[in-house]
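Notes for the one structure printed next.
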Amino acid sequence: MSPPQISEYSDEIRYLWVDRHVQLIFTKLHESDSGRVLGFMTAVNPDRRSGAGPERLYWQAVSLTTASDRKIVTAKLESLVPGLPKGTWEQDIDRCFMDVYERHTAVPEPVILTGVEEADLETDNLIDPVLPLGQVTLLLADQGSTKSFLMLYLSACITLGARTVFSEPSRTGPAIYFDWEVDERVANKRLAWICRGLGSSPPRSLHYVNMSTRGRIFDRVRDMRHMIERIQPVLVVIDSLTFATGADLNSAEYAAPTMAAIGSLGEGVTKLISAHPNKASRNAETEDISVIGSTLFEYRARAIWHMKREQARTARFGVSMTPRKPFDGPPQSPLAYTMDFDNVNHLVRFQSARLSDMPGLEKTTMTLGEKIRRALARNGRLDTNQLAEILGIKPDQVKVECGRMPDVFPIIGGGGRGKATTWALRA
């Protein structure tokens, strides 16, 4: 008898006995507190010639370390494939269960670090500088900030090979949009408006999946991986993290597996996800804004951008994108673009813009240090109280920030008892 052909994937292990027309598929494997490895086992006939896929012969939950489960599976397979020598399936199932257990619990073999030069590890971008290639990018945005439009726009540009308001895509190809917020009808309308604005027909390789009724992402990640392995997308979009988690957002118990699931959606595949900022930080400085819920949501992301739109409720408005914090390389500068909704022709245009042309947004994207530099550059020497009045903050905040800025210094003799310190920019 021939041994089975073994295939190991990100979330399943398959054993195929070609001559018996039987394949066992082990999925959702996990280790219990007592050390048992549990999961699901499906027996299929992979040779059925049908568009519906392989024929399912048998399915059950199994414990790999429980003898009674092995006996049940053996008896079932003996009835499905009669005529084999007695004990054949019993031996094969014992070996199979042991192999699954060892593969699931094994620690990878160590590798020797080669000391690759840093220049060889520079991060490329799928869309410069917004999407690091093959990494997770997080968009932080309140409701109504048009984040879903932006993600659909970037997906369309990547599938069409069209230039974005930021740069040309470095790669083109399929994209998959997993949506927990709206439905196919709304997404189709948005895409139609976006493509009219691009002067293009809708792409044939932008795949959309309505996940709004499918539960939590870490419960559905296996099927999502299979879809990604089949379609081989350049970009995977998750909209949005807030609803995809489907549980207490403040719990590390859910945040960690959610981000691990997202990170596992295709090796080398760029992932773009959106999330809402927590209520306490919505009016905070950009560097203090964080994802609603556990901070573990941020740790897996390679880049985090905070989106804000102009408050004016008009058909044309500006949107800013501020880097939440730097990850690799030099800090990024804030970005800006405009959206122009043409309600007559049913289209939306994304256009490049300068943040300096949007005073309201520019003010909210600047850090306190940048605001101090601008005030000193415009007015020359200013004392602590004058800076506090211009910036609308407390004098103590000005003193602390100026004290840690290398390019701002107190003027000699400008302070003194009962007198505010005067500050200036270094030449």
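The values are calculated or read from the model by the stated rules, or taken from the named source; none is laboratory data. None of these values were measured; they are calculated from a predicted model. Counting neighbours? That spans all protein chains shown, and the Cβs are built from the backbone with ideal geometry, glycine included.
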Of all residues in the range 351-388, which are closer than 22 Å to M307 by Cβ, among the polar types (S, T, N, Q) and touching a Ser or Thr at 6+ places or on another chain (Cβ under 7 Å)?
Q351, T365, T367
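Is it the case that the range 416-425 has a residue that's assigned to a helix (DSSP H, G or I) and out of contact with any strand residue (DSSP E or B) (no Cβ under 6 Å at 6 or more places or on another chain)?
No: the range 416-425 contains no residue that is assigned to a helix (DSSP H, G or I) and out of contact with any strand residue (DSSP E or B) (no Cβ under 6 Å at 6 or more places or on another chain).
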State the number of residues belonging to the range 338-362 that are part of a helix (DSSP H, G or I) and surrounded by 12 or more Cβ atoms within 10 Å (Cβ to Cβ).
4
Going through R163, R95 one at a time, which residue ends up being surrounded by fewer than 18 Cβ atoms within 10 Å (Cβ to Cβ), at pLDDT 90 or above and either at positive phi or not assigned by TED's automatic domain parsing to the domain that holds L29 (or both)?
R163
From L206, L272, which residue is surrounded by 16 or more Cβ atoms within 10 Å (Cβ to Cβ), aliphatic (A, V, I, L, M) and free of Cβ contacts under 8 Å to residues at least 60 places away in the same chain?
L206
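Table: residues versus (1) without any contact (Cβ under 8 Å) to a residue 60 or more places away in the chain; (2) within 17 Å of the chain's Cα centre (by Cα).
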| residue | (1), (2) |
| --- | --- |
| D69 | yes, no |
| L80 | yes, no |
| L84 | no, no |
| R95 | yes, no |
| H104 | no, no |
| L113 | yes, no |
| L131 | no, yes |
| L139 | no, yes |
